[in-house]
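Working notes, beginning with the structure itself.
The values are calculated or read from the model by the stated rules, or taken from the named source; none is laboratory data. Everything numeric here is computed off the predicted structure, so don't read it as measured data. Methodologically, a virtual Cβ is constructed for each residue, glycine included, from the backbone with ideal geometry; neighbour enumeration extends over all protein chains shown.
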Amino acid sequence: MNVFRKAEDMQAYSLKKRKEGKSIGFVPTMGYLHEGHIHLIRKARQTDDIVVLSIFVNPLQFGPSEDFERYPRDEKRDLEMAEQEKVDAVFIPDTKEMYPGPMSIQLTVRDRTDVLCGKSREGHFDGVATVLTKLFHLTQPNRAYFGLKDAQQVAVVDALIHDLNFPIELVPVPTVREEDGLAKSSRNVYLNGEERKQAPYLFKALEHGRFLVRNGVNNRETIINEVRNFIKEHTHGKIDYVDLLTYPELKPLDEIDERVILAAAVYFDNARLIDNLIFHPDGELTYDLK
């Protein structure tokens with residue numbers, strides 16, 4: 001397994017593999033790998049000749065009051081897991097390597113960001129788009145794999161690829177969950193015992209909303225209120241948002257007559273959890289953007 005820390009070395013490797021006719025599948029991460037990341041790696045392995053994994057905690061996507069310094073990191077463990085999954089190359093730059101000086105150019109995302117997580121995380125997706133643009137140039141992927149747990153990020157990446165004409169196929173991958181339904185996340189380690197018991201009710205609340213749609217309820221506000229009440233009844237978490245929007249455009253709608261995302265975010269004492277379901281007007285789940 002190749003481990004690169006310099007941008008020029010990563011790019012040279014990728015260009016060489018592309019010149020050899022190899023396809024590259026890229027899995028960008030912030031490290032502290034868990035089963036969700038492993039699932040992305042395995043999806044890439046099924047399709048592509050070369051699997052490239054990046055590990056970089058990107059400071060541009062953290063706000064002043066967010067957990068950049070506290071974000072869990074364990075490079076040794078991450079590399080062991082990557083090697084076990086037969087990843088071909090891991091790119092682990094430090095902040096100075098990615099941002100050697102003040103940025104003369106930084107991307108601004110103008111759509112799909114004023115709702116859901118973007119509403120309370122100003123500038124977050126600008127940071128995501130900026131770092132992904134750099135990573136796409138450095139890793140030269142044919143396909144990029146992203147988990148749908150952060151479905152708003154997937155929607156923004158979809159726009160980034162199309163608007164900037166990256167020759168990359170975006171591959172959304174379904175959320176990997178614990179046995180009780182909780183979406184796997186690096187931040188789950190921050191939950192205390194009682195919070196861990198309550199956390200699966202976020203997913204159950206979304207399933208309750210989808211159940212209503214499957215049974216003929218198609219009013220947006222009714223479904224949102226039902227999901228909010230479900231969360232309040234079963235957890236002591238503070239609701240950041242519950243919303244129902246078109247997907248991937250992320251626009252409000254009065255009645256459900258096209259593909260939608262039902263999403264929620266809840267603050268516990270030391271962790272903010274997000275989850276979502278994407279489904280058609282009949283309530284059938286979907287995992288692609290086509």
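The residues listed here are Gly193, Gly181, Gly147; of these, the one that is among the small types (Gly, Ala, Ser) and surrounded by 19 or more Cβ atoms within 10 Å (Cβ to Cβ) is Gly147.
Among the conditions (1) closer than 19 Å to Phe62 by Cβ; (2) surrounded by 12 or more Cβ atoms within 10 Å (Cβ to Cβ); (3) out of contact with any Leu (no Cβ under 6 Å at 6 or more places or on another chain); (4) among the hydroxyl-bearing types (Ser, Thr, Tyr), the only one that Thr108 does not satisfy is (2).
Out of all the residues in region 234-257, is one or more at pLDDT below 95, out of contact with any helix residue (DSSP H, G or I) (no Cβ under 8 Å at 6 or more places or on another chain) and surrounded by fewer than 15 Cβ atoms within 10 Å (Cβ to Cβ)? Within region 234-257 (the criterion being at pLDDT below 95, out of contact with any helix residue (DSSP H, G or I) (no Cβ under 8 Å at 6 or more places or on another chain) and surrounded by fewer than 15 Cβ atoms within 10 Å (Cβ to Cβ)), the answer is yes, since at least one residue qualifies. Taking the criterion of being more than 22 Å from Glu178 (Cα to Cα) and of a type in the set (Phe, Trp, Tyr), the residues of region 1-54 that qualify are Phe4, Tyr13, Phe26.
Taken over region 1-16, the criterion of being within 12 Å of Ala89 (Cβ to Cβ) and surrounded by fewer than 18 Cβ atoms within 10 Å (Cβ to Cβ) is satisfied by Met1, Asn2, Val3, Arg5, Asp9, Gln11, Ala12, Lys16. None of Arg272, Arg228, Arg210, Arg214 is surrounded by 17 or more Cβ atoms within 10 Å (Cβ to Cβ), of a type in the set (D, E, K, R) and more than 24 Å from Asp67 (Cα to Cα) except Arg210.
Looking only at region 1-29, which residues are outside any helix (DSSP H, G or I) and without any contact (Cβ under 8 Å) to a residue 60 or more places away in the chain?
Glu20, Gly21, Lys22, Thr29 - these are the residues of region 1-29 that are outside any helix (DSSP H, G or I) and without any contact (Cβ under 8 Å) to a residue 60 or more places away in the chain.
For His137, indicate whether it is surrounded by fewer than 17 Cβ atoms within 10 Å (Cβ to Cβ), out of contact with any Cys (no Cβ under 7 Å at 6 or more places or on another chain) and assigned by TED's automatic domain parsing to the domain that holds Asp49. In short, yes. Of the candidates Leu212, Leu202, the single residue that is of a type in the set (A, V, I, L, M, F, W, C) and closer than 27 Å to Pro72 by Cα is Leu202.
So which residues in region 30-75 are outside any loop (DSSP other than H, G, I, E, B) and farther than 20 Å from Val173 by Cα, if there are any at all? Once the filter is applied, which keeps residues that are outside any loop (DSSP other than H, G, I, E, B) and farther than 20 Å from Val173 by Cα, region 30-75 yields Pro59, Leu60, Gln61, Glu75.
Yes/no per residue for (1) closer than 28 Å to Ser14 by Cα; (2) modelled with pLDDT under 95; (3) within 16 Å of the chain's Cα centre (by Cα):
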position: Leu135; (1), (2), (3): yes, no, yes
position: Gln140; (1), (2), (3): yes, no, no
position: Ala144; (1), (2), (3): yes, no, yes
position: Ala151; (1), (2), (3): yes, no, yes
position: Val154; (1), (2), (3): yes, no, yes
position: Ala159; (1), (2), (3): yes, no, yes
position: Asn165; (1), (2), (3): yes, no, no
position: Glu179; (1), (2), (3): no, yes, no
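Looking at region 137-244, what helices (runs of 4 or more DSSP H) fall wholly within it and have at least 1 residues that are touching a residue at least 60 places away in the same chain (Cβ under 8 Å) and either within 15 Å of Leu277 (Cα to Cα) or not hydroxyl-bearing (Ser, Thr, Tyr) (or both)?
Output list reads 151-163, 193-198, 201-214.
Restricting attention to region 251-270, which residues are over 20 Å from Asn225 (Cβ atoms), touching a strand residue (DSSP E or B) at 6+ places or on another chain (Cβ under 9 Å) and touching a residue at least 40 places away in the same chain (Cβ under 8 Å)? Working first, answer last.
Residues of region 251-270 over 20 Å from Asn225 (Cβ atoms): 258-259, 268-270.
From what's left, touching a strand residue (DSSP E or B) at 6+ places or on another chain (Cβ under 9 Å): 258-259, 268.
Phe268 - this is the single residue of region 251-270 that is over 20 Å from Asn225 (Cβ atoms), touching a strand residue (DSSP E or B) at 6+ places or on another chain (Cβ under 9 Å) and touching a residue at least 40 places away in the same chain (Cβ under 8 Å).
For the subset of region 51-86 comprising residues that are modelled with pLDDT of 95 or more and of a type in the set (Lys, Arg), which member is surrounded by the fewest Cβ atoms within 10 Å (Cβ to Cβ)? Step by step, filter region 51-86, then rank; the result is Lys76. Looking at Ala44, Ala89, Ala129, just one residue is hydrophobic (A, V, I, L, M, F, W, C), surrounded by 18 or more Cβ atoms within 10 Å (Cβ to Cβ) and more than 20 Å from the chain's Cα centre (by Cα), and that residue is Ala89.
Which of the residues that make up region 18-37 are modelled with pLDDT of 95 or more and surrounded by 18 or more Cβ atoms within 10 Å (Cβ to Cβ)? Listed by number, the residues that qualify are Ile24, Gly25, Phe26, Val27, Pro28, Thr29.
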